[in-house]
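Student: I have a structure here, written as structure tokens, and I will follow up with some questions on it.
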Amino acid sequence: MSNFRSELDGLLPSPNSRPFLCDGSPLDCRIFIVGTNSARELERPFWSFWSDSGGFNKAEYIRELERQPCGLTKTRKTIEIVAGAAGQEITLDTNIYLQPTPTEGRLRKEHRKTDVIEYLLGRIRPAVVLTHGKEILREKLP
């Protein structure tokens, strides 16, 4: 998993960019839940929730989100219900774009880069991709 982390880290625009959330190894995920972009970014770096031996610690990340002034968004709560029903250990959620904005409409043209989602889809090759959000319907996933 250290190779995966190294390759993906090279694509991230900042240490706080959130390329995905999963419980454990993203390489074991067979279901992707894909949105347009996240609503906000944590101050804590993404890789601080990661270990090369255990993968991503989603529970700790969610606890950190819950500590934020507004708590979990409605979308995050819905994603957690779907991921729980599908199986947290095989479900990864990600976005087409990494730049967080309160609404999809505030996402600027220069932040509409898809290299991370392309990498994740190509490297992990999920069996199922569930999409949500208005903008994602206009995008073509690789």
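Student: Of the numbered conditions (1) under 23 Å from GLU118 (Cβ atoms); (2) under 14 Å from the mean Cα position of the chain (by Cα), ASP28 fails exactly one; give the number of that condition.
Tutor: Failed condition: (2).
Student: Checking the conditions here, which among LEU130, LEU120 is touching a residue at least 60 places away in the same chain (Cβ under 8 Å), under 12 Å from PHE32 (Cα atoms) and crowded, with 17+ Cβ neighbours inside 10 Å? Talk me through it step by step, then tell me what you get.
Tutor: Numbers: LEU130 fails: crowded, with 17+ Cβ neighbours inside 10 Å.
The unique qualifying residue is LEU120.
Student: When you look at GLU41, is it touching a Ser or Thr at 6+ places or on another chain (Cβ under 8 Å) and among the acidic types (Asp, Glu), yes or no?
Tutor: Values: touching a Ser or Thr at 6+ places or on another chain (Cβ under 8 Å): yes; among the acidic types (Asp, Glu): yes.
It is true that GLU41 is touching a Ser or Thr at 6+ places or on another chain (Cβ under 8 Å) and among the acidic types (Asp, Glu).
Student: Right, next: Name the residue that is farthest from the chain's Cα centre (by Cα), counting only residues in segment 63-80 that are among the β-branched types (Val, Ile, Thr) and either surrounded by 16 or more Cβ atoms within 10 Å (Cβ to Cβ) or over 22 Å from PRO126 (Cβ atoms) (or both). Quick ask: steps written out before the conclusion?
Tutor: Restricting attention to segment 63-80, the residues satisfying the condition of being among the β-branched types (Val, Ile, Thr) are 73, 75, 78-79.
Now narrow it down to the ones that are either surrounded by 16 or more Cβ atoms within 10 Å (Cβ to Cβ) or over 22 Å from PRO126 (Cβ atoms) (or both): 73, 79.
Working: THR73: 14, ILE79: 11 Å.
Among them, the one singled out is THR73.
Student: If the Cβ limit is 9 Å and pairs must be 6+ apart or interchain, which residue in segment 46-61 that is within 19 Å of ILE90 (Cβ to Cβ) pairs with which residue that is basic (Lys, Arg)?
Tutor: Once the first residue is within 19 Å of ILE90 (Cβ to Cβ) and sits in segment 46-61, its partners that are basic (Lys, Arg) give PHE49/LYS58; TRP50/ARG5; TYR61/ARG18; TYR61/ARG44.
Student: Which ones in segment 5-34 are in a helix (DSSP H, G or I) and in contact with an Asp or Glu (Cβ under 9 Å, 6 or more places away or on another chain)?
Tutor: ARG5, ASP28
Student: Of all helices (runs of 4 or more DSSP H) completely enclosed by segment 35-142, which ones contain at least 2 residues that are modelled with pLDDT of 90 or more and in contact with a helix residue (DSSP H, G or I) (Cβ under 6 Å, 6 or more places away or on another chain)?
Tutor: On the way: elements: 58-66, 74-86, 115-124.
Counting at least 2 such residues, we get 58-66.
Student: Need pairs with beta-carbon distance below 9 Å; first residue farther than 14 Å from THR94 by Cβ and of a type in the set (Gly, Ala, Ser) and within segment 12-37, second at pLDDT 95 or above and part of a strand (DSSP E or B); sequence gap 6+ or separate chains.
Tutor: GLY24/GLY55; GLY24/PHE56; SER25/GLY55; SER25/PHE56
Student: Filter segment 42-85 for residues that are polar (S, T, N, Q) and either touching a Lys or Arg at 6+ places or on another chain (Cβ under 6 Å) or within 19 Å of ASP28 (Cβ to Cβ) (or both) and give the result. Before you say what the answer is, go through the steps one by one.
Tutor: First, the residues of segment 42-85 that are polar (S, T, N, Q): 48, 51, 53, 57, 68, 73, 75, 78.
The answer is SER51, SER53, ASN57.
Student: For segment 81-112, give me the residue count where each residue is surrounded by fewer than 19 Cβ atoms within 10 Å (Cβ to Cβ) and under 12 Å from the mean Cα position of the chain (by Cα).
Tutor: 2
The values are calculated or read from the model by the stated rules, or taken from the named source; none is laboratory data. On a predicted model such as this, the values are computed, not experimentally measured, just so you know. Backbone-built Cβ (ideal geometry, glycine too); neighbour counts: all protein chains shown.
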